[in-house]
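Here's the structure, in C-alpha coordinates; my notes come after.
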Amino acid sequence: MAKPKTIGSGEIHAAIERLAQAISQRHPAPAKLLLLGIANGGVELARRLTASLPKGSPAKAGTLDISFHRDDIGRHPIPKEFAPTHIPVDVNGATVVLVDDVLFSGRTVKAALDELFDHGRPAKVELAILVDRGGRRMPFAPDYCGLTITAQENEKVVVALNAADRKKDSITVRPN
(Lines give C-alpha, C1' and ligand atoms only; values in the text may rest on other atoms or scores of the structure.)
Protein backbone atom coordinates (compact mmCIF):
# COMPACT_ATOMS: atom_id res chain seq x y z
CA MET A 1 0.00 0.00 0.00
CA ALA A 2 1.37 3.42 -0.98
CA LYS A 3 2.17 5.87 1.78
CA PRO A 4 -0.15 8.91 1.94
CA LYS A 5 1.35 12.21 0.76
CA THR A 6 0.62 15.29 2.87
CA ILE A 7 0.81 19.02 2.18
CA GLY A 8 1.11 21.20 5.27
CA SER A 9 -0.57 24.38 6.42
CA GLY A 10 2.15 26.77 5.20
CA GLU A 11 1.76 25.74 1.57
CA ILE A 12 -2.04 25.76 1.90
CA HIS A 13 -2.07 29.30 3.35
CA ALA A 14 0.20 30.55 0.56
CA ALA A 15 -2.14 28.99 -2.03
CA ILE A 16 -5.19 30.65 -0.42
CA GLU A 17 -3.43 34.03 -0.47
CA ARG A 18 -2.56 33.55 -4.17
CA LEU A 19 -6.20 32.74 -4.90
CA ALA A 20 -7.44 35.83 -3.04
CA GLN A 21 -4.88 38.04 -4.80
CA ALA A 22 -5.87 36.71 -8.23
CA ILE A 23 -9.57 37.28 -7.51
CA SER A 24 -8.95 40.83 -6.26
CA GLN A 25 -6.78 41.64 -9.30
CA ARG A 26 -9.47 40.48 -11.69
CA HIS A 27 -12.21 42.26 -9.71
CA PRO A 28 -10.60 45.40 -8.22
CA ALA A 29 -13.86 47.31 -7.71
CA PRO A 30 -16.69 44.81 -7.92
CA ALA A 31 -20.19 46.15 -7.74
CA LYS A 32 -21.61 42.76 -6.76
CA LEU A 33 -19.13 39.94 -6.09
CA LEU A 34 -20.26 36.71 -4.40
CA LEU A 35 -17.94 33.91 -3.32
CA LEU A 36 -20.14 30.86 -2.86
CA GLY A 37 -18.57 27.86 -1.15
CA ILE A 38 -19.81 24.52 -2.43
CA ALA A 39 -20.88 22.54 0.65
CA ASN A 40 -19.13 21.15 2.40
CA GLY A 41 -15.51 21.45 1.24
CA GLY A 42 -15.73 24.94 -0.23
CA VAL A 43 -17.51 26.70 2.63
CA GLU A 44 -14.48 27.44 4.86
CA LEU A 45 -12.36 28.23 1.79
CA ALA A 46 -14.93 30.82 0.58
CA ARG A 47 -14.92 32.43 4.05
CA ARG A 48 -11.13 32.64 4.08
CA LEU A 49 -10.93 34.00 0.54
CA THR A 50 -13.52 36.70 1.30
CA ALA A 51 -11.63 37.67 4.48
CA SER A 52 -8.35 37.83 2.50
CA LEU A 53 -9.68 40.27 -0.10
CA PRO A 54 -8.57 43.90 0.32
CA LYS A 55 -10.16 45.83 3.16
CA GLY A 56 -13.37 47.52 2.06
CA SER A 57 -14.15 44.95 -0.62
CA PRO A 58 -17.91 44.57 -0.97
CA ALA A 59 -17.54 40.84 -1.70
CA LYS A 60 -19.87 38.54 0.24
CA ALA A 61 -19.43 34.87 1.13
CA GLY A 62 -22.22 32.32 0.96
CA THR A 63 -22.92 28.61 0.67
CA LEU A 64 -24.33 26.37 -2.06
CA ASP A 65 -25.83 23.02 -1.05
CA ILE A 66 -25.71 20.79 -4.12
CA SER A 67 -27.25 17.71 -2.47
CA PHE A 68 -30.38 17.63 -4.62
CA HIS A 69 -28.49 18.25 -7.87
CA ARG A 70 -25.96 15.43 -7.56
CA ASP A 71 -26.12 12.75 -10.22
CA ASP A 72 -25.01 10.10 -7.70
CA ILE A 73 -27.52 10.81 -4.93
CA GLY A 74 -28.50 7.12 -4.92
CA ARG A 75 -24.96 6.05 -4.03
CA HIS A 76 -24.24 9.06 -1.79
CA PRO A 77 -27.37 10.00 0.14
CA ILE A 78 -27.68 13.45 1.68
CA PRO A 79 -25.54 13.57 4.83
CA LYS A 80 -27.14 14.14 8.24
CA GLU A 81 -25.07 17.29 8.74
CA PHE A 82 -25.11 19.58 5.75
CA ALA A 83 -24.73 23.28 5.06
CA PRO A 84 -27.90 24.65 3.46
CA THR A 85 -27.72 27.10 0.59
CA HIS A 86 -27.24 30.64 1.87
CA ILE A 87 -26.80 33.41 -0.69
CA PRO A 88 -26.44 36.76 1.10
CA VAL A 89 -27.55 38.95 -1.82
CA ASP A 90 -29.50 38.57 -5.06
CA VAL A 91 -27.49 36.60 -7.65
CA ASN A 92 -29.15 38.35 -10.60
CA GLY A 93 -26.49 40.45 -12.31
CA ALA A 94 -23.79 39.46 -9.83
CA THR A 95 -20.34 38.07 -10.51
CA VAL A 96 -20.29 34.73 -8.72
CA VAL A 97 -17.14 32.82 -7.88
CA LEU A 98 -17.94 29.19 -7.08
CA VAL A 99 -15.41 27.95 -4.52
CA ASP A 100 -14.49 24.35 -3.79
CA ASP A 101 -11.61 22.48 -2.19
CA VAL A 102 -10.90 19.85 -4.89
CA LEU A 103 -11.70 19.69 -8.59
CA PHE A 104 -11.77 16.15 -9.96
CA SER A 105 -14.37 14.94 -12.47
CA GLY A 106 -16.35 18.20 -12.75
CA ARG A 107 -19.67 16.70 -11.64
CA THR A 108 -19.73 18.79 -8.45
CA VAL A 109 -19.27 21.98 -10.50
CA LYS A 110 -22.17 20.98 -12.75
CA ALA A 111 -24.39 20.39 -9.70
CA ALA A 112 -23.31 23.77 -8.24
CA LEU A 113 -24.24 25.54 -11.47
CA ASP A 114 -27.66 23.87 -11.41
CA GLU A 115 -28.22 25.02 -7.80
CA LEU A 116 -26.96 28.53 -8.54
CA PHE A 117 -29.24 29.02 -11.54
CA ASP A 118 -32.20 27.88 -9.44
CA HIS A 119 -31.67 31.20 -7.57
CA GLY A 120 -31.30 33.57 -10.51
CA ARG A 121 -29.15 34.62 -13.40
CA PRO A 122 -25.68 35.91 -12.55
CA ALA A 123 -23.81 38.18 -14.96
CA LYS A 124 -20.73 35.93 -14.78
CA VAL A 125 -19.70 32.71 -13.04
CA GLU A 126 -16.09 31.81 -12.27
CA LEU A 127 -14.51 28.86 -10.47
CA ALA A 128 -11.89 28.98 -7.69
CA ILE A 129 -10.33 25.71 -6.59
CA LEU A 130 -7.78 25.04 -3.86
CA VAL A 131 -6.59 21.76 -5.44
CA ASP A 132 -6.88 20.66 -9.06
CA ARG A 133 -6.15 16.94 -9.07
CA GLY A 134 -6.86 16.34 -12.77
CA GLY A 135 -9.02 13.53 -14.14
CA ARG A 136 -11.81 15.66 -15.59
CA ARG A 137 -14.82 13.92 -17.10
CA MET A 138 -16.69 17.15 -17.87
CA PRO A 139 -15.42 20.26 -19.66
CA PHE A 140 -14.68 22.44 -16.62
CA ALA A 141 -11.46 24.28 -15.81
CA PRO A 142 -10.82 26.58 -12.84
CA ASP A 143 -10.41 30.31 -13.34
CA TYR A 144 -8.33 30.33 -10.14
CA CYS A 145 -6.28 27.39 -8.85
CA GLY A 146 -4.20 27.28 -5.68
CA LEU A 147 -2.39 23.96 -6.11
CA THR A 148 -2.12 21.32 -8.80
CA ILE A 149 -1.62 17.73 -7.65
CA THR A 150 -1.30 14.65 -9.79
CA ALA A 151 -3.41 11.94 -8.18
CA GLN A 152 -4.17 8.53 -9.59
CA GLU A 153 -7.72 7.34 -10.23
CA ASN A 154 -7.49 5.06 -7.17
CA GLU A 155 -6.32 7.87 -4.87
CA LYS A 156 -8.37 10.36 -2.88
CA VAL A 157 -7.39 13.96 -2.18
CA VAL A 158 -8.62 14.96 1.28
CA VAL A 159 -8.56 18.64 2.24
CA ALA A 160 -8.98 19.55 5.91
CA LEU A 161 -9.36 23.28 6.59
CA ASN A 162 -9.68 23.75 10.33
CA ALA A 163 -11.70 26.89 11.11
CA ALA A 164 -10.57 26.91 14.75
CA ASP A 165 -6.84 26.26 14.24
CA ARG A 166 -5.37 26.98 10.81
CA LYS A 167 -2.09 25.33 11.81
CA LYS A 168 -3.97 22.03 11.56
CA ASP A 169 -4.88 22.56 7.89
CA SER A 170 -3.74 19.73 5.66
CA ILE A 171 -4.13 18.11 2.29
CA THR A 172 -3.57 14.37 2.06
CA VAL A 173 -3.40 12.17 -1.00
CA ARG A 174 -4.16 8.61 0.07
CA PRO A 175 -5.36 5.35 -1.44
CA ASN A 176 -9.11 5.35 -1.95
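Quick notes
- Remark: the range 121-126, residue by residue, has Karplus-estimated 3J(HN,Hα) of 10, x, 6, 8, 10, 10 Hz, where x stands for each Gly or Pro and the curve is 6.51 cos²θ - 1.76 cosθ + 1.60 at θ = phi - 60°.
- In the chain, the portion of solvent-accessible area held by carbon and sulfur atoms comes to 51 percent [1.4 Å probe, whole percent, DNA, RNA and ligands not counted].
- Checking the cross-link pairs K5/K110; K3/K168; K124/K168 against a 31 Å limit on the alpha carbon distance flags K124/K168 as lying beyond it.
- Average accessible surface area per residue within the range 1-48, 1.4 Å rolling probe, Å²: 51 Å²
- Each label point was placed 7 Å from the Cα along the Cα-to-Cβ direction; for Q21 and R121 their separation is 3.8 nm.
- The mean accessible area for residues of the range 80-176, using a 1.4 Å probe and ignoring ligands and nucleic acids, is 52 Å² per residue.
- If R0 equals 22 Å, the separation of the Cβ atoms of K168 and K5 corresponds to a calculated FRET efficiency of about 0.80.
- Distance in nm between pseudo-label sites at T148 and A14 (7 Å out along the Cβ direction from Cα): 1.7 nm
- Distant-in-sequence amide contacts of G42, defined by a placed amide H-H separation under 5 Å and a gap of 5 or more residues or a different chain, comprise D101.
- Surface accessible to a 1.4 Å probe, S57 within the full protein complex, Å²: 40 Å²
- Computed from Cα atoms alone, the Kirkwood hydrodynamic radius reported for the chain is 16.5 Å.
The values are calculated or read from the model by the stated rules, or taken from the named source; none is laboratory data. Everything numeric in this text was worked out from a predicted model, so none of it was measured. Quick reminder, even Gly has a Cβ in these numbers, built from the backbone with ideal geometry, and neighbours come from all protein chains shown. Ligands, DNA and RNA are stripped out before the accessible areas are found, and what is left, the full protein with its side chains, is counted by its heavy atoms. Shrake-Rupley method; radii C 1.70, N 1.55, O 1.52, S 1.80 Å.
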